[in-house]
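To start, the structure itself, in structure tokens.
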Amino acid sequence: MNKNEYAKRAEVLKSKLYRMAMLHLGNEDMAADAVSETIYRGLISVKKLRKPAYFDTWMTRILINECNKQWQQIKREQTVDELPESAEDEKAYDYLPLKEAICQLPTELKEVIILRYYIDYTLAETAESLDIPQGTVVTRQRRALKLLKLELLEEEQSNES
């Protein structure tokens, strides 16, 4: 794959990557940074891509790694005192029960839900992107959906009270 072909395919994939980063990170600036870094890292290592047919899943994997790296950096930078203030500010402007519930899922479950339901990947594509067996994807999806259902029902009951 040459650089021109890479640029065309990356431009087509950019909005999908941004949506996934936004769901993963929950912040527009961080999502834009993650997408930019993903495209840059992909360009640098495009020669490592063995099969151009797997370009989308390859770029998705790079993005997931970049999002995870950003989360680790955030965790290191924030002190315990800052966490409640930033969480309250976030809720005041951008509170959606489903989004909040997804953000509370463990990372491995959150990744499966985002890929399957927000990026519309098939089981095979999700397994390829996460480099895990399809059976594991099914198990994680089932567990994540069960946890989301419990969380949303719990929130609905607390709102009714």
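The values are calculated or read from the model by the stated rules, or taken from the named source; none is laboratory data. As the structure is a prediction and not an experimental result, all values here were calculated from the model. Note that each Cβ is placed from the backbone with ideal geometry, even for glycine, and that neighbours are counted across all protein chains shown.
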Any chance you could count how many residues in region 95-140 are surrounded by fewer than 16 Cβ atoms within 10 Å (Cβ to Cβ), charged (D, E, K, R) and either in contact (Cβ under 8 Å) with a residue 12 or more places away in the chain or part of a helix (DSSP H, G or I) (or both)?
3
Here are the criteria: (1) buried (at least 16 other Cβ atoms within 10 Å of the Cβ); (2) modelled with pLDDT under 90. Tell me which single one residue 51 does not satisfy.
(1)
Is one or more of the residues making up region 75-97 under 21 Å from residue 19 (Cβ atoms) and modelled with pLDDT of 80 or more?
no
With the requirement that a residue be within 17 Å of the chain's Cα centre (by Cα) and either under 14 Å from residue 13 (Cα atoms) or surrounded by 15 or more Cβ atoms within 10 Å (Cβ to Cβ) (or both), what does region 29-40 give you?
30, 31, 32, 33, 34, 35, 36, 37, 38, 39
Only one of 23, 17, 49 is in contact (Cβ under 8 Å) with a residue 60 or more places away in the chain and aliphatic (A, V, I, L, M); which?
23
